[in-house]
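The values are calculated or read from the model by the stated rules, or taken from the named source; none is laboratory data. These numbers were taken from a predicted model, which means no experiment stands behind them. Here the Cβ positions follow ideal geometry from the backbone for every residue, glycine too, while neighbour counts run over all protein chains shown.
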Amino acid sequence: MGEETRPAARSRAVTRRHIAEMFIFGALASAVGIVLGLAIDWFPMQGSTQADAIDTLWDVLVIVSVPIFVLVTVVVLWSVRIFRQRPGEEGLDGPPIHGSTRLEVIWTALPAILLIALCGYAWAVLVDIEEAPGSSQPAERRVQVIGEQFAWSFKYKENGKEFTSNRLYLPAGESVRFDVVSKDVIHDFWIPDFRMKIDAVPGITTGFRVTPRPEAIGEHEIVCAELCGLGHAFMRQTAIVQPPDEFDAWVTKMTTEAPAAPAGGGEELTAEDGKQLFVAGKPDTGALACGTCHKLADAGTTAQTGPDLGEALKGMDAAAIRAATVDPDAEITEGFAKGIMPPNYGETLTGPELDALVDYLVEATK
Ligand code: CUA
């Protein structure tokens, strides 16, 4: 009898000591984890009014998650240490354990309450950042975001006129709703500075809204966040937040000047029209702007999906440049893969447009 009670009492004391150790170590590790988690500057600038609520949500999740992670890790590590096999214990089994209803209720109920509370909070944040501007606000701008391998284009309807841009211009302080579509595969429209992203899915329209902050005036990166093919990594463009009056001036320019794509039929097209095609493409037929993927100093484009045309086309004559444009995979610049450049410029551009584009490229790459 006495032989049994003494070890039992000793084991209870040992257990209490282990729990105290775990608690102290866990509390210290949690504190360090939370301080580190909050001290590290994880995010880029807060470019939209939505960003603040999202970043706060992140901080709360860090504060709540770190102690839970630490709890699980500490219990696992301590169990390995305490219940390890000691010399002479080979082949011995541990004591039978009959569960503990009280413990099981606690470890089921606590996480459930925590999860429901965090879901409720995240839901409230989502409702908040997705809320449309009130009726007292000016009408919300809608911009269609079109994803395709491997570029974004942005379709505006301003002053009753539609036009497309390869750069996303936005006025600061005004809410904008993006209608996101895809022409081919799934892409993901992401502006990290705005904290918002959504898949562009063929066949349906998705979207989100943001209000760029006045502090965000300047350039912001647009990223494709869904692996969409060989050119995925280069599917990056620029969003430009402007003061409203500058944005209005841009809209006026886009809606009053001749449409981005030269009309083609009848009129004589010049190398200048070719440059326009290079920079802006021809959205109505799906001809992607060359400058979306190619660097060309003369056109002021800097993209790196395809070769730098100032080098790749240097000294080539019109026939060779035309061949490289309509049948891009016939001859590939070293370091670049086949199948990335659209093979259909022979169809999406009219004869005169192709001539103008080739004329321009001959001039610009002499
Ligand atoms: Cu488009 Cu990745």
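All conditions in (1) surrounded by 12 or more Cβ atoms within 10 Å (Cβ to Cβ); (2) free of Cβ contacts under 8 Å to residues at least 60 places away in the same chain hold for residue 57, with the sole exception of (2). The single condition among (1) closer than 22 Å to residue 181 by Cβ; (2) exposed (fewer than 15 other Cβ atoms within 10 Å of the Cβ); (3) within 22 Å of the chain's Cα centre (by Cα) that residue 139 does not satisfy is (3). Which members of region 29-52 meet the condition of being surrounded by 15 or more Cβ atoms within 10 Å (Cβ to Cβ) and either under 28 Å from residue 239 (Cβ atoms) or in contact with a Lys or Arg (Cβ under 9 Å, 6 or more places away or on another chain) (or both)? Residues satisfying the conditions are 46, 47, 48, 49, 50, 51. Taking region 318-336 as the range and being modelled with pLDDT of 85 or more and of a type in the set (Gly, Ala, Ser) as the test, the residues that pass are 318, 319, 320, 323, 324.
If you check residue 61 against the conditions, is it part of a helix (DSSP H, G or I) and modelled with pLDDT of 90 or more? Don't jump to the end; show me each part of the working.
Working: part of a helix (DSSP H, G or I): yes; modelled with pLDDT of 90 or more: yes.
Against the criterion (part of a helix (DSSP H, G or I) and modelled with pLDDT of 90 or more), residue 61 qualifies.
Every residue, every condition in (1) over 23 Å from the mean Cα position of the chain (by Cα); (2) over 25 Å from residue 126 (Cα atoms), yes or no:
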| residue | (1), (2) |
| --- | --- |
| 31 | yes, yes |
| 36 | yes, yes |
| 56 | no, no |
| 65 | yes, no |
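Of all the listed residues (93, 184), the sole one being loosely packed, with under 12 Cβ neighbours inside 10 Å and farther than 23 Å from residue 194 by Cα is 93.
Take the residues of region 259-286 that are outside any helix (DSSP H, G or I) and at pLDDT 80 or above: which is surrounded by the fewest Cβ atoms within 10 Å (Cβ to Cβ)?
Initially, region 259-286 is screened for residues outside any helix (DSSP H, G or I), giving 259-270, 281-286.
Within this subset, residues satisfying the condition of being at pLDDT 80 or above are 269-270, 281.
Values: 269: 23, 270: 14, 281: 24.
Only one residue fits best here, namely 270.
Restricting attention to region 147-170, the residues that are buried (at least 22 other Cβ atoms within 10 Å of the Cβ) and touching a Phe, Trp or Tyr at 6+ places or on another chain (Cβ under 8 Å) add up to 5.
Can you spot a residue in region 245-254 that is of a type in the set (Lys, Arg), crowded, with 17+ Cβ neighbours inside 10 Å and away from the ligand (no atom under 16 Å from the Cβ)? No, region 245-254 contains no residue that is of a type in the set (Lys, Arg), crowded, with 17+ Cβ neighbours inside 10 Å and away from the ligand (no atom under 16 Å from the Cβ).
If the condition is being of a type in the set (Gly, Ala, Ser) and at negative phi, then region 310-328 contributes 310, 312, 318, 319, 320, 323, 324.
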